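The values are calculated or read from the model by the stated rules, or taken from the named source; none is laboratory data. Because the structure is predicted, anything quoted here is derived from the model rather than measured. In this analysis, Cβ positions are derived from the backbone assuming ideal geometry, glycine residues included, and neighbour counts consider all displayed protein chains.
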Amino acid sequence: MTSICFSSLSFGMAVLSFSCNSTIPPQHQVNVNHSSNNNRKCHQNVKSLIKTIGVPSIATPPQESLQRGNWVKLICGASFEDVVDIRNLSLVYTLAGVDCIDCAADASVVSAVNEGIEAAREIVPIRRPWVMISVNDDEDLHFRKAEFDPEDCPHDCSRPCEFVCPANAIQLHSTGTLGELEGGIVTERCYGCGRCFPVCPYDQIRAVMYIRDATATAELLHRNDVDAIEIHTNGRQTDLFKGLWDGLGDSTKHLRLVAVSLPDVGDTVISSMNNIYSIMEPHLCCFNLWQLDGRPMSGDIGRGATRESIAFAHRLAAAKDTPHGELRLWRIKSKCGIPLLRFKFSVIEIV
Ligand code: SF4
Ligand code: SF4
């Protein structure tokens, strides 16, 4: 069975949930192989499949979805950079009707997303989802890569790191008579989820943090194929946000959406949001959105994230001086007994 699932809940009148599963009968199923050699064949297979099962054309503009509360975004990952997979995912999720595709702020990745979108639109005249790039102003869990040297690994290690990696980013094999390990982390596939760090019995895996360069991001935004930016900030030091925003200069003027992603930093969160808004306001020419994480990367790094997100939502709901812009709560899973609040949020399929 092939399925695409996405849900959204809307607070205010009632708790709504929506889930779409497309089940493809076995006779119409195709193998989607991610290797580059099979990319053309994969495209042909998807094209035949879509023609067979039919996909309705979606015309609702992404901004309307955002305002209605049924916005769905594909997150390719701020650090995921496998352009073949990204292109194929963008193709499939464009056909599924997502409103936005969020990807790494890298020129090749952005090109791959746009290629996937255009390949989908050649199949069905579907409206173009927005392309969003993710950047950071400081160290952030979304912007890291795992790293280790397989030469330092004991030969008899059972390689639990390989087993837990959800992105197939760790590829090892034994060589030689002593069974030395070769291979390691496929950097472009690692999205920094952190699952491998605690499972290594020899503490070999390190996290390498990085910060996206503002000048390179501004150059990327000056291209005509990026519609939105998501800025991850820690919510504590707005001077770092200001440094990044100033560095982007006038590159943000053609954007349709600026999203600011910040975690729950306690009692100061509203004043931080207001400070950030006042920094952006003079050069903000588009819609703005607050993506609020109870705990960043919580889908990957632990239980209790839903509870934290809801507690965060309660506090925000009680606040009177929230800044201009849509408020979105991220990372809440469905089926969790959510109280009625005035926020809208989307549960997003994380790839
Ligand atoms: S488990 Fe996560 S952090 Fe580790 S290599 Fe895989 S994607 Fe990267
Ligand atoms: S679990 Fe640790 S020691 Fe074992 S192969 Fe992976 S990185 Fe090396």
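Could you list all residues from the stretch 227-246 that are within 16 Å of residue 284 (Cα to Cα) and surrounded by 16 or more Cβ atoms within 10 Å (Cβ to Cβ)?
Those that are within 16 Å of residue 284 (Cα to Cα) and surrounded by 16 or more Cβ atoms within 10 Å (Cβ to Cβ): 227, 228, 229, 230, 231, 241, 242, 244, 245.
Name the residues in the stretch 115-134 that are out of contact with any His (no Cβ under 7 Å at 6 or more places or on another chain) and under 18 Å from residue 188 (Cβ atoms), would you?
115, 116, 133
What number of residues in the stretch 234-243 are closer than 17 Å to residue 289 by Cβ and either assigned to a helix (DSSP H, G or I) or at pLDDT 95 or above (or both)?
1
If I ask for residues that are within 11 Å of ligand 1 (Cβ to nearest atom) and in a loop (DSSP other than H, G, I, E, B), which ones from the stretch 184-210 would you list?
186, 190, 191, 192, 193, 194, 195, 200, 205
Any idea how many residues of the stretch 153-185 are closer than 21 Å to residue 108 by Cβ, more than 11 Å from ligand 2 (Cβ to nearest atom) and in contact (Cβ under 8 Å) with a residue 24 or more places away in the chain?
So the answer is 1.
Of all residues in the stretch 125-134, which are more than 19 Å from residue 252 (Cα to Cα) and touching a Lys or Arg at 6+ places or on another chain (Cβ under 9 Å)?
Within the stretch 125-134, 127, 128 qualify.
Please verify whether residue 78 is within 16 Å of ligand 1 (Cβ to nearest atom), outside the structural domain of residue 199 (by TED's automatic domain parsing) and closer than 21 Å to residue 260 by Cβ, treating the condition exactly as stated.
Criteria met by residue 78.
Across the stretch 142-178, what is the number of residues that are more than 10 Å from ligand 1 (Cβ to nearest atom) and not in a strand (DSSP E or B)?
17
Out of 165, 153, 103, 161, which single residue is crowded, with 17+ Cβ neighbours inside 10 Å and closer than 20 Å to residue 72 by Cα?
Among 165, 153, 103, 161, only 103 is crowded, with 17+ Cβ neighbours inside 10 Å and closer than 20 Å to residue 72 by Cα.
Would you point out which residue out of 220, 181 is touching a helix residue (DSSP H, G or I) at 6+ places or on another chain (Cβ under 9 Å) and not in a helix (DSSP H, G or I)?
On inspection, the qualifying residue turns out to be 181.
Of all the residues that make up the stretch 136-192, how many are within 24 Å of residue 83 (Cβ to Cβ) and among the hydroxyl-bearing types (Ser, Thr, Tyr)?
The qualifying residues number 2.
Find the residue count for the stretch 187-198, including only residues that are exposed (fewer than 15 other Cβ atoms within 10 Å of the Cβ) and free of Cβ contacts under 8 Å to residues at least 60 places away in the same chain.
1
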